[in-house]
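The values are calculated or read from the model by the stated rules, or taken from the named source; none is laboratory data. Just so it is clear, the structure is predicted and the values come from calculations on it, not from any experiment. All Cβ positions, even for glycine, are placed from backbone atoms using ideal geometry, and neighbour counts span all protein chains on display. SASA here: full protein model, heavy atoms, side chains in, ligands and nucleic acids out. Shrake-Rupley method; radii C 1.70, N 1.55, O 1.52, S 1.80 Å.
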Amino acid sequence: MSLKYALYTGCTARESTPELMKSTLAVAKKLGIELVVLDEASCCGASHLQDFDDFLSLVLNARNICYAEKHNLPMITICNTCQLNTALTKERLDNNPELKAKVNEKLKEVGLEYKGSVSVRHFLYALIEDYGLDNIRKKVVKPLSSFNIAPFYGCHNIRPSELHHFTNKTKESAYNPTSLDELIEALEGNSVDYEHKNKCCGFHADLQAPHTANRLTGNAIVDAMDNNADMMVTPCPLCHLNLDVKQHAASKEIGREVHMPILHLPQLIGLALGCTPEEVGLNHNVTKAEFV
Amino acid sequence: MEKQKVTINVFRFNKETDYLPHYDKYELEISKDEVVLDILNRIKWEHDGSFTYRRSCRHGICGSCAIKVNGRSTLACKERMIDMIELFGNELTFEPVSKKRVVKDMVVDKKDFWDKYDAMRPYLIAKIDEHPKSENIVSPKEAEKIEEADYCIQCGCCYYACPVVNETNEEYFGPAAFVKAYRFTADIRDNDKEDRLKIVDELGKGVWDCVKCFECTEACPKDLDPMKKITHLHNQLFEEGVVQNNVASRHAVGFKKSIEKHGILDEGMLVAYSEGFGVLKHIPEAFEMWKNGKIVMPWSMPKSKKLDEIKKLVKISSTAKF
């Protein structure tokens, strides 16, 4: 099977979560997936720029997709919020010729045109839909069978479900998502069922409402702890930043000491496929995964 | 499927007599044309007359019968049982939209919901000519700007699905109130746009405390997309020049500043620009991150390729001012 994608890394993978970049490339290598990194891409606006300037956000996201179209490759993202903003742009432009024309009028000034010819999916769903869980299962060399792993889906991959369904063949329910659980099982881990798995980590209110953010982060980790999770895994680097880096603040906020190793999705996959901890960048995680 | 056996766990609690809630279990045969409300009725009429819930119109208009099925906010009269079974399997749990606000069984005290609704001044504020000589015509284009926000039935599905309201900050107005605010700030006849926007701009209560989780959009049984209305309110704050210069508004603007400089986001600069002197409180966390190789120093900040292109697009596509 030869799979090839245009990778939109997003900003965090190049800055505060270098381990996400490392582990994504490591997993792709193990699975023989070819990735063309879109170095021309800009920030997606992270669900904030559009609050200030919606049109500018559309133009910039459309430009990013243009570069995947230039390679004529399906685009993949490794951040839920990049996925949201990119897919939302695609949905709005594909369904609104007038808006698409307005955006293209600007893109034309730099010699680009948004066509709408490529798909935009998160790596998680590209793996499930194109590579297949059964094929991943065959590649497992270090089964995760001794671990209880709590999947943390992250809002922007599953909500709004209308957008999720527009984007993915995996028609996941926002209320009962199963893809990450199934992936964990494919890696022979035990997936943990808990209420907060499809809830919010609060990242987008980190600066202006830290109590809100810390409480949501804390509630999620505590729920995973109370359901005997050894670790949590998330496909979103923003969730990861809150869950991994802010455990001290979350503990203070909710009045209970939390401690939970948090893995990026490709870190977990990479370990099961036989990558070393260094190859998946585990040394960058703030809350150390001592069991590895 | 003609009929299916389903186990239903029903939340029971009477605020006046009970210390703790309990769940009653019913094994029911469900036929394919039944909605959740039919089952609530059957439980009351065939099993336990003391079971209490709100219902009125049975047509998705009155907004009375919102409950949660397996944690999912739903309008009982609109939701088909077969869809719930497909989604959650043959064991379902019926609970009130908010357990901490329960009066009895499915009935909750919606006082805080209505207080916040009232805080939006949910009525048209306009100087009305009492003796008009012609009709006040609103063009279809202007009417469309409201984006069906006036279709809200105040069922509370979005409000009780909002994690900020329910887990962290009871002061937060929440999605239903914002939809109501937008219903009037987008109404060309209304004369109170600026004051309405000032209400939703307030930190701690207003739109800036939204965590952008889309729970409201997912929950709305009328497909009103409250999240989109919240974005529109943000946009109007800038358009009307109402927005306060604070950590939240600078955070939104900071993205543009960073993108035009680097293409990608300069995370450190964004926090510093948004917080001002407040940036100091992030030092312990930043130090932890730095120790683990998670901080990129300003001098080694990566830039997008073809940055000139991005700069040009920012210049020619910007529509907002701060």
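Numbers for the structure displayed
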{"read-out": "Antiparallel DSSP beta bridges within the range B:3-108, as percent of all bridges there, nearest 5", "value": "85"}
{"read-out": "Value of Rg/Rh across the range B:121-264 [Cα atoms, Kirkwood radius]", "value": "1.02"}
{"read-out": "Dipole magnitude (debye, nearest 20) for the range A:3-122, charges at Cβ of Lys, Arg, Asp, Glu", "value": "440"}
{"read-out": "Complex-versus-alone comparison for the range A:98-120, residues with a loss of 20 Å² or more in accessible area, probe 1.4 Å", "value": "A:LYS106, A:GLU109, A:VAL110"}
{"read-out": "Global form of the protein assembly as shown, assessed from the alpha-carbon gyration tensor, a/c cut-off 1.5", "value": "oblate"}
{"read-out": "Distance between modelled label sites at B:ARG55 and B:TRP290, nm, 7 Å Cα→Cβ extension", "value": "6.3"}
{"read-out": "Cα gyration tensor category, rounded, prolate or oblate, for the range B:17-70 with a/c compared to 1.5", "value": "oblate"}
{"read-out": "Most mobile listed residue (B:TYR53, B:TYR182, B:TYR23) in chain B, GNM with C-alpha springs under 10 Å", "value": "B:TYR23"}
{"read-out": "Ellipsoid equivalent to chain B - semi-axes via the Cα gyration tensor, in Å", "value": "43, 29, 19"}
{"read-out": "Accessible area per residue, Å², chain B with all protein chains present, probe 1.4 Å", "value": "50"}
{"read-out": "Accessible surface of the protein assembly as shown [probe 1.4 Å, protein heavy atoms]: carbon and sulfur percent", "value": "50"}
{"read-out": "Net length gained if the chain between B:TYR151 and B:LYS5 were fully extended (0.36 nm per residue, minus Cα distance)", "value": "49.0 nm"}
{"read-out": "Projected label distance in nm at B:ASP83 and A:GLU113, using a 7 Å step from Cα toward the beta-carbon", "value": "4.0"}
{"read-out": "Normalised contact order of chain A, rounded percent, pairs of Cα under 8 Å and 6 or more residues apart", "value": "21"}
{"read-out": "Taking chain B and dividing mean pair separation by its residue count, relative contact order in percent (alpha carbons under 8 Å, at least six apart)", "value": "13"}
{"read-out": "Prolate/oblate/rounded label for the range A:124-236 (Cα gyration tensor, a/c 1.5)", "value": "oblate"}
{"read-out": "For chain A, built as a Gaussian network whose Cα springs stay under 10 Å, the top-fluctuating residue of A:ARG159, A:ARG256, A:ARG137", "value": "A:ARG256"}
{"read-out": "Ellipticity estimate at 222 nm from DSSP helix runs (n ≥ 4, -39,500 (n - 2.57)) divided over chain B, nearest 500", "value": "-10000 deg cm²/dmol"}
{"read-out": "Alpha-carbon centroids, the range A:1-64 and the range B:115-148: separation in whole Å", "value": "43"}
{"read-out": "Over 30 Å between alpha carbons, listed pairs B:LYS44/B:LYS100; A:LYS142/B:LYS281; B:LYS193/B:LYS222; A:LYS4/A:LYS108; B:LYS99/B:LYS229; B:LYS256/B:LYS281", "value": "A:LYS142/B:LYS281"}
{"read-out": "The range A:178-237: GluC sites (Glu not before Pro) falling in loop per DSSP and having at most 16 other Cβ within 10 Å", "value": "A:GLU188"}
{"read-out": "Whole-Hz ³J(HN,Hα) from phi, Karplus 6.51 cos²θ - 1.76 cosθ + 1.60, for the range A:268-274, glycine and proline x", "value": "5, 4, x, 4, 5, 7, x"}
{"read-out": "Kirkwood hydrodynamic radius of chain A, from inverse mean 1/r over distinct Cα pairs, in Å", "value": "19.2"}
{"read-out": "Estimated dipole of the protein assembly as shown in Debye, rounded to 20 [Cβ of Lys and Arg +1, of Asp and Glu -1, Cα centre]", "value": "1020"}
{"read-out": "Test item: Cα-centred dipole of chain B, Lys/Arg +1 and Asp/Glu -1 on Cβ, debye", "value": "880"}
{"read-out": "Amide H contacts of B:ILE30 (H built 1.01 Å from N, under 5 Å, at least 5 apart or other chain)", "value": "B:GLN4, B:LYS5, B:VAL6"}
{"read-out": "For the range B:272-291 and the range A:213-249, distance of Cα centres in Å", "value": "20"}
{"read-out": "Residue-averaged 222 nm ellipticity for chain A, from DSSP H runs of 4+ at -39500 (n - 2.57), nearest 500", "value": "-12500 deg cm²/dmol"}
{"read-out": "Pairwise FRET efficiency - A:GLU105 versus B:ASP195, Cβ, R0 = 45 Å, nearest 0.05", "value": "0.80"}
{"read-out": "Spin-label model distance (nm) - A:GLU257 vs A:GLU185, 7 Å beyond Cα toward Cβ", "value": "3.6"}
{"read-out": "Accessible area that becomes buried as A packs against B, both chains, 1.4 Å probe, Å², nearest 100", "value": "5800"}
{"read-out": "The range B:100-180: chymotrypsin sites (Phe, Trp or Tyr not before Pro) in DSSP loop, at most 14 other beta carbons within 10 Å", "value": "B:TYR123"}
